[in-house]
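Have a look at the structure below, then the notes.
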Amino acid sequence: MRLSRTCSLLASALLWLSAVPASASGDDFYRTSRFASEFQPANAELFAAGKLGVVPGSYWRLYHYLAYQAARGRPLNKQQVAALKIDTWHVGTASEWNNATDDSPGPSSWLAARAPLAAQLGLPSVAQFDVNAVATQGDPYLNCHPDAFRQAGLTMAARAALAPAGKPDPWFKLWLQGQDAVFANCEEPRHEWDKPVPKRVVKLPPPLPADAPAWLRQDHAYQSAAAHFYARHFDQARTQFLDIARDAASPWHALAPYLAARTLIRKATLDFPLGEQPPARARLDALAQAKKELDALAQTSAPARQMATLAEARLDPAARLASLARALDNDPFGPDTARMLSDYLVLMDKLPRSVTMAAQEPLTVWIASMQADAVLEQWASERSLLLQAQRVGALETLRKSWLKQGDALWLAPLLSLARANELSTAERSAAAAVPAGHPLYQTVQYHLARLALAEQQGERADKDLDRLLASQGKQMSVATSNRFLALKMISAGTLDDFLRAAPRRIDPLERGEAIDAPAARTGESATDDDFEVAVWRHLPMARLKVLRAHPLLPPAFQARLEESMLARALIAGDEETALGLLDAVARPRKSTAHLYQRYRKAQSGAERKLAGALILVNTPELHPALFDKDEKKRYWGCRKEWGDSAGMERQGAPAPRFLSAQQTLDAVKEQDALLRLPLRTEFLAPTLLAWARTRPADEEAPKALHFLVASTRMECPYGTDVPEAQQLRARYSREAYEVAHKYYPASKWTKATRYYY
């Protein structure tokens, strides 16, 4: 029986090493984009070979490791990438860390192999069971590993072969009943998800008669120990494994000491979870004893050597991370690289960022620093002083590394973290001098252009972007090209150039194609969110009119542009603009086309204001399309997000360069006026209610009141500081309901208005 197969019979648990929330091998709280993956490159093989493009901080850590190696002049070849067995954010090679849950065919393969033998013996079938369990703190772990079922299948075949030919063997039947009992402990007892896991009652193999053969007694002892292990009775399991270790005749004699040590590791992680009592000392003592025993076995046992590193990592995760970082950075790629990288990535996930960013090992510092800016962006609205302090500290560390080594490797995270006017002249010059053949060249160029725009050096950024796109644009990945076009759209000196940069090809990875798929179709394009942000946040109405008539305007954006322009014009009382948009917006709206004609025929002033209110209340999809300076979308009807965002720390992208200072100022004034608007119903209700009380013969009145009441239901509440019944929108809802039922009781719209909100 091979130890390499049986060592996984009792798989260790994957449990958190700290309470710090994190996503696997990457940044927390990702944003997604159809045009440039925030997670991973579209082709891992090309990326590992050094075709990095722009490396964002939000890439999973695995890809930062690959980028680091390429930038150090150690790109991975095709065979090495294949050896890593990359699976999204982690290395696919199984390790003791990366199997928190299991969806493999382990139980089903065992049950399929068991079925014909059980039928011959007259044993009942066994239903499929779950091998995943939950620790005390709610963290998942894999109780019974797939290798346990594979090894049980091999042992079952060997024990069945001992039976007399053509005759049912009662000893083998007892063996199979014993193995059924072992696996019956894999499944966790039912319990409330937020309650502690109840103490398990172990299901043991049936007792053996006195005349049972020696092989069955030895297997029975091993099965009993395994059953206690899976049932989380670790002290009993350890005692029995140690007894087996002392039985030189047992076929499990050599394996038992290893499994006895593993009971200590699982006991430490499940019986003594972090942050709970008994105190951590008991947990650390169990891990230290396990490591001592595993070290004694390590010279002749590869599984023991690997498990010793697991115990070491749990005893001192920072020290183990440092050891792995040095090995991955200095040792040549070898058979152990995939396993070490897998463990390294998990430890990076589990340790606080303050630890990884302050590490002494270049690999860890580089990855943590590359990701720091992505974390800051996600948490900017929290004004986290801790994260800002980490950024400043990381900048200083990176400056020291660059000054000491003079390597472009350190310029990439340095520029990624830098804000406007934070680069020194020497740093800027060194970044500009990075050769075009360097793997991080495009990353450095991207951040130089980004910083130039932030420093109001748009013309310089525009020239640099034109030069780069002309020289390297055809070789860029879709995601990298789109990232540069996003900057080009801001640096554009003309509306034509702005619109030429707006269309983006969809990233094949984000379209659902597999990583490393063939080259994407080139004809499929659309506009990204940054186009809408630029249009609605930075273009005043006068420029929106020019944009509407421009031949380069993406056709798919035409209708949205006209609808939101009309909404803004109706809100602002801009009759001239509204009249110019009526026909285009009314064209697809046959059921409300008469309201647009009503606006056209109405007298200027109060009558037009009413006609505009009727259009808006009947057409809730007409909205002013606002993005605040933090580039958050604001919905007219949601007080939680509506209103000025003054005080937010992170600023959005600057205005496109083709706009004059006066045009930018006009846009700011228009934005401020719109951001100060009351909720949609609160804006429309005074006009509609005053009119409805005087027009009992107009069927549009009860219809408008019906939609006014209905729209209050769809709006966000103010919050907990004002009871909902006292909120202005609630008062208007009730008033609209009462006016409709008082003045228009026979209307079908009134009859449909059965409630107010």
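The values are calculated or read from the model by the stated rules, or taken from the named source; none is laboratory data. Predicted model, so just to flag it, every value in this text is computed and none were measured. Cβ sites come from the backbone with ideal geometry, for glycine too, and all protein chains shown count toward neighbours.
Annotations for the structure displayed:
- Scanning region 560-592 for residues that are small (G, A, S) and modelled with pLDDT of 95 or more gives S564, A567, A569, A572, G573, A578, G580, A584, A586.
- Selection of first residues in region 539-556 that are closer than 15 Å to R500 by Cα and of second residues that are assigned to a loop (DSSP other than H, G, I, E, B), restricted to Cβ pairs under 9 Å at least 6 apart or on distinct chains, gives the following pairs, ordered by first then second residue: L547/L539; L547/L553; L552/A502; L553/A502; P554/A502.
- The set of residues in region 108-137 that are touching a residue at least 40 places away in the same chain (Cβ under 8 Å), part of a loop (DSSP other than H, G, I, E, B) and more than 22 Å from L162 (Cα to Cα) comprises V126, F129, D130, V131, A135, T136, Q137.
- Verdict on A308 being hydrophobic (A, V, I, L, M, F, W, C), buried (at least 19 other Cβ atoms within 10 Å of the Cβ) and at pLDDT 90 or above: no
- Residue within region 603-610 that is over 43 Å from the mean Cα position of the chain (by Cα), of a type in the set (S, T, Y) and assigned by TED's automatic domain parsing to the domain that holds W691 present: yes
- Selected residue (criterion: farthest from L111 (Cα to Cα)) from residues of region 130-154 that are in contact with a Phe, Trp or Tyr (Cβ under 7 Å, 6 or more places away or on another chain), modelled with pLDDT of 85 or more and of a type outside the set (G, A, S): N143
- Test: P198 is assigned by TED's automatic domain parsing to the domain that holds Q299, closer than 25 Å to T309 by Cα and at pLDDT below 95: no
- Note on region 384-428: among residues that are at pLDDT below 85 and among the small types (G, A, S), the one that is nearest to R450 (Cα to Cα) is A394.
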